[in-house]
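Quick notes on the structure that follows.
The values are calculated or read from the model by the stated rules, or taken from the named source; none is laboratory data. Just so we're clear, the structure is a prediction, and the values are computed from it rather than from any experiment. Here the Cβ positions follow ideal geometry from the backbone for every residue, glycine too, while neighbour counts run over all protein chains shown. Side chains are part of the model used for accessible areas, which takes the heavy atoms of the whole protein and leaves out ligands, DNA and RNA. Shrake-Rupley method; radii C 1.70, N 1.55, O 1.52, S 1.80 Å.
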Amino acid sequence: MKRKIFLLAMIALSSLLWAQIPVNAEDDNQKITSLEKIIVTQRGYYIDPVYYPLSVPSSEESTTSVVTAEEIQAAHKQTAIESIENVPDVILERQGRKYPTRIKIRGERNVNVLINGAPPGQDYRILGALPSTLIEEVDVIRDSSYLAYGSPNTSSSGGTPGYGGVVNIKLKRPEKESGTEVKLEYGNFNTQDESITNAGKLMDTSYLINIEHTASNGPNNWNANRSSTGFTTLLNKEYGDYGSRVNMLFHFDEGYFGFQKQMYFGTHTYDIWEYDPSMDTMVNLDILHAWNERTSTNITAYHDYQQATLVQNQNTKQSNYTPVKGGNDIQNRDITSGVIIRQTFSIPNLNTLRFGAQFNNWNCPTGKLFYEGSPRKEQDYGAYAHDEVRLLEDKLILDGGARWDRKYVGKGINYIESGGTSGTYTDKWLDPNINSAIGITIWPFEKHGFSTRYSISSQANAIYADANGSLLGNQTENRYDLSYIGKWSKKISFTLTGFQKDISNMPQAAGATPTDYYIATDVKRYGAELEIKGSLFEGFSYFVNFSQIYSRDETNQKRDSTIPPYVANIGLNYQHSGWEFNTTVKRVSGYEDNSLVQPSYGYVDIGDYWQGDINASYTFQRNNINHSIYTGIRNVGNVKYQTVPGYQDYGLTFYGGYRIKF
């Protein structure tokens, strides 16, 4: 503990010394939706992939939503995970246990979450501690067939082929920021949020430093108390004649949080569990070397270390209550590290070739939560290639790519042997995961475009077995997307997407408990997404999105009732003379779930809710110092909805705060 305090003190002292030389922020008029370099075309512009290798191909732009820093601040989202709440087809599942919040996109949970293009560990618990004030933008890709983002194996320890979507959180670039900002916020349930951020430049290195403390008691008797203090440093150094750069991220947070109690019909109704303490350390080093204006090499090295003590208690007597393996207090450790290499060759307005490789190492020596005593150690190896060709003055764009990944299991994936006895794989290579995709974008008219993508993936279900102990066959996915893009005017832009996914041999739990045995089933999912946004007049902007999904089990011809049939979001924002008013409304239709439900209850009804948030702020300047006073209400209707059975939303919460920047 003393070593950690000493390390933080040294970093803070260095930061204060660097703060003596400020940096002038780039004029806001020069910002064009992205901090990356752009290439101007006859039709408009696109992000230069030489300087941002993770830019999506043109055919995937229609299924990608970008949440900007301005939108996050207008809605006063507190953490990184809250920032995507109103993105099309996104549901945040809130619960207790190790994952306080899980992300579901198009009805799937195997979402690949990244921070600056690198995975933050096998689970993304850090998103609940990463302050939204550090975010420049969040890219949410609902069709994740572009595979430069990483291995599907690292997003799902079960190795589910393909992605359930990608969420890439891009943090602020220090070279674009300057000055010091202090924030103080308070809300009901004794909720507190205090932070200080400083950005500047020392010699030729830009930096941004943030210290943030959050705490809340949560509703009475819900065991939802939490407290966390985090420290984040972002560094940037540019070099060379062609805009090469080195970026570094260091994040550390420590505190405790209670696992919200399950209210009823649950397998954890009697649990009063908490992480006390909980600690997360993340370090990313990102180097982009531009050999010239057409060629770059990007190397990203990352390391994430999570450690927590799981404390188990009960809120009542229960004769059959048994703590998980390891006793009442369990030490959890979860370590992820790896390196990604991305190479880009580009001829502007003609061709972009990208390829790369990744190595990821996951070590969980104490076993994941609820599997304590079962160590996990896995390594992922992957490679990809992708090409995009622009023709006819950018009116016809073709792209295609493929990715190969393979997992080595050193310890610990559970499987079912013949006769019903269980075991674990050790020192075993799983079969490869192979993904490929092609896409076409056409712009027959200046303001009207169409895009389509087809992708296929395949991987052996090496950890799932039937009642006889025989492994299930290969699972395959065929994915189709077709979009219309209408950029009619500043008042309205319009995107309509139809999609379909055909899944063969999908594992489905069929025994008395989820780990008894599985059956293979075929599933068909199809739906539509509508996204409209624009600015009706000076200072007034809006967005509307609506998505609908139908999922059917082709084996028994039954509808999958665990996916909500439709999700809708509406947002309005008005700014005038320093005043800003913002409101969002989310509607989720009813659906069913049996997660963490006692077997006797089966599937229970959840969802079917409206959630409305409103907030207002006033910003003014005195003596070259910017002041902002804000207040807001979340869940105006006080709806105690559930996205996981037994875990209710807090209902109406209110907050107010003051922000000063100089």
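Residue by residue through the range 626-642, note down the ones that are open to solvent by 50 Å² or more (accessible area, probe 1.4 Å) and outside any loop (DSSP other than H, G, I, E, B).
Asn626, Ile629, Thr631, Ile633, Arg634
Among the residues of the range 563-604, write down those that are modelled with pLDDT of 95 or more and open to solvent by 60 Å² or more (accessible area, probe 1.4 Å).
Passing the criteria: Tyr566, Ile570, Leu572, Tyr574, Gln575, His576, Ser577, Trp579, Phe581.
Mind listing whichever residues of the range 233-269 are closer than 23 Å to Asp605 by Cβ and part of a loop (DSSP other than H, G, I, E, B)?
To start, the set of residues in the range 233-269 that are closer than 23 Å to Asp605 by Cβ comprises 260-269.
Residues satisfying the conditions are Gln260, Lys261, Gln262, Met263, Tyr264, Phe265, Thr267, His268, Thr269.
Any residue that is crowded, with 16+ Cβ neighbours inside 10 Å and at pLDDT below 90 - is there at least one of those in the range 451-458? Let's see the steps before the verdict.
Taking the range 451-458 as the starting set, the residues that turn out to be crowded, with 16+ Cβ neighbours inside 10 Å are 451-458.
With at pLDDT below 90 added as a condition, the list becomes 457-458.
Among the residues of the range 451-458, at least one is crowded, with 16+ Cβ neighbours inside 10 Å and at pLDDT below 90, which makes the answer yes.
Against the condition of a type in the set (Gly, Ala, Ser), within 25 Å of Phe257 (Cβ to Cβ) and buried (at least 23 other Cβ atoms within 10 Å of the Cβ), how does Ala148 come out, does it pass? Explain how you work it out, then say what you get.
Numbers: of a type in the set (Gly, Ala, Ser): yes; within 25 Å of Phe257 (Cβ to Cβ): no; buried (at least 23 other Cβ atoms within 10 Å of the Cβ): yes.
Judged against the criteria, Ala148 is not a match.
For Pro365, work out the one condition from (1) surrounded by 17 or more Cβ atoms within 10 Å (Cβ to Cβ); (2) modelled with pLDDT under 95 it doesn't fulfil.
(1)
Could you check the range 519-545 and list, in sequence order, the residues that are in contact with a Lys or Arg (Cβ under 9 Å, 6 or more places away or on another chain) and open to solvent by 30 Å² or more (accessible area, probe 1.4 Å)?
Lys524, Tyr526, Ser535, Leu536, Phe537, Ser541, Tyr542, Phe543, Val544
Report every pair of residues separated by at least 6 positions or lying on different chains whose Cβ atoms are under 9 Å apart, first residue within the range 283-294 and in contact (Cβ under 8 Å) with a residue 24 or more places away in the chain, second open to solvent by 60 Å² or more (accessible area, probe 1.4 Å) and charged (D, E, K, R).
Filtered contacts from the range 283-294: Ala290/Asp241; Asn292/Asp241.
Scan the range 206-226 residue by residue and report those that are surrounded by fewer than 17 Cβ atoms within 10 Å (Cβ to Cβ) and in a strand (DSSP E or B).
Selection gives His213 alone.
Scanning for something at pLDDT 80 or above, acidic (Asp, Glu) and closer than 30 Å to Tyr518 by Cβ, does the range 406-425 turn up at least one residue?
Checked against the condition, which is being at pLDDT 80 or above, acidic (Asp, Glu) and closer than 30 Å to Tyr518 by Cβ, the range 406-425 yields no hits at all.
So, in the range 259-277, how many residues would count as being open to solvent by 10 Å² or more (accessible area, probe 1.4 Å) and either at positive phi or of a type in the set (Gly, Ala, Ser) (or both)?
1
Within the range 187-205, is there a residue that is surrounded by 20 or more Cβ atoms within 10 Å (Cβ to Cβ), at pLDDT below 95 and polar (S, T, N, Q)?
No, the conditions are met nowhere in the range 187-205.
Which condition does Gln379 not pass, out of (1) touching a Leu at 6+ places or on another chain (Cβ under 9 Å); (2) polar (S, T, N, Q); (3) at pLDDT 90 or above, if it passes all the others?
Status for Gln379: all satisfied but (1).
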